[in-house]
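Q: I'd like to ask you about the structure that follows.
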């Protein structure tokens, strides 16, 4: 599955004599739909950059509380013809727990920022479902300040297209453990969480999660569900994200840009 497509564009530049034009090749990020099933029931669909789809499906199911503590037995590409030996559908991923996960409720429509959230009532439910984070020593500010430059150096798709978000798991020393890219911020985070889940490396206590965009409530929820004690974002958090981070005991840092950091929780 290709993640980048080539195209020919007209590049315009303003000069002293007006606009100049030059035909040149360019690279565009691929965006395609993916449906996720849990034990045969469709639970969501999203527009994603192809690649690491199994991680995306696993991370989504964990962060959304769909697994209910059940272990993943198998992940596969599947579709309507999969069970009868037909051709695989690479736009559908099935997560299987052997029926041990709670019966899922399907979401309607595509996943988007804060999809399914309804404010403080949902936050109360989240606090009942996920335990507060254990205390951990704060990560040094010098480590946090160096993360944006470290992550962008590992973002090949961003360098090629300028059209993707990045997410990364890192340890207390600032070493990057997993880096993933996607057109969707939530997808990039799910891919990071899913990789750690499939590797048996969760909960991620004492570690941090970096996101290249803003820190929405959904980013805090995903970080919390995975056990990250620190969430750092290049842009600002939302008010509900800050409230949630404070209630669960997470360090939340925004506007991480070189020598400046804003600590919200």
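Q: Give me the percent of DSSP beta bridges within the chain that run antiparallel, rounded to the nearest 5.
A: Close to 75 percent.
Q: Only Cα pairs within less than 10 Å get springs; with that Gaussian network setup on the chain, which residue of 163, 225, 241 has the largest fluctuation?
A: So, out of 163, 225, 241, the one fluctuating most is 163.
Q: Here's something else I'd like to know. Please give the contour-minus-distance gain from residue 159 to residue 260: 0.36 nm per residue of separation, less the Cα-Cα distance, rounded to one decimal in nm.
A: So the extension gain works out to 34.0 nm.
Q: Could you give the alpha-carbon Rg of region 186-239 over 2.2 N^0.38 Å, rounded to two decimals?
A: Against the empirical 2.2 N^0.38 Å value, I get 1.05 for region 186-239.
Q: Could you order the peptides 182-194, 249-261 from most to least packed, using the average number of other C-beta atoms within 10 Å per residue?
A: Top to bottom by mean Cβ count within 10 Å: 182-194, 249-261.
Q: On to the next question. Between residue 135 and residue 24, with labels modelled 7 Å along Cα→Cβ, what's the label distance in nm to one decimal, could you check?
A: Rounded to a tenth, the inter-label distance reads 5.6 nm.
Q: Shifting gears a bit: If we sort 228-238, 9-19 on the protection proxy, mean other Cβ atoms within 10 Å, highest first, what's the order?
A: 228-238, 9-19
Q: Still on this structure, I have one more. Under 14 Å from a point placed 7 Å out from the Cα of residue 5 along the Cα-to-Cβ direction: which residues of region 25-68 have their backbone N that close?
A: In region 25-68, the label zone of residue 5 (backbone N under 14 Å from the point 7 Å along Cα→Cβ) covers 26-33, 48-50.
Q: Continuing with this model, one more query. With runs of 4+ DSSP H residues as the only contributors, calculate the mean residue ellipticity of the chain at 222 nm using -39,500 (n - 2.57) per run, divided by the residue total and rounded to the nearest 500.
A: -8500 deg cm²/dmol
Q: Rg (Å, one decimal) plus Dmax (Å, integer) for the alpha carbons of region 155-211?
A: Cα radius of gyration and Dmax of region 155-211 are 11.4, 33 Å respectively.
Q: Which log10 I(q)/I(0) values does the chain give at q = 0.12, 0.13, 0.15 Å⁻¹ under the Debye formula, counting every alpha carbon as one identical point scatterer?
A: Here the Debye-derived log intensity ratios amount to -0.73, -0.84, -1.07.
Q: Another question, if that's okay. If a/c stays under 1.5 just call it rounded; otherwise compare a/b with b/c (prolate if a/b is bigger, oblate if not). Do that for region 141-263, with a ≥ b ≥ c from the square roots of the Cα gyration tensor eigenvalues.
A: rounded
Q: Ok, one more. Treat region 133-182 as a sphere of radius equal to its Kirkwood radius over Cα pairs and apply Stokes-Einstein at 20 °C in a medium of 1.002 mPa s; give the translational diffusion coefficient in µm²/s, rounded to a whole number.
A: Rounded to a whole number, D works out at 180 µm²/s.
Since every read-out is calculated from the coordinates, none of them should be taken as a lab result. Keep in mind it's a predicted model, so treat the numbers as computed, not measured. Note that we place each Cβ from the backbone using ideal geometry, even for glycine, and neighbour counts take in every protein chain shown.
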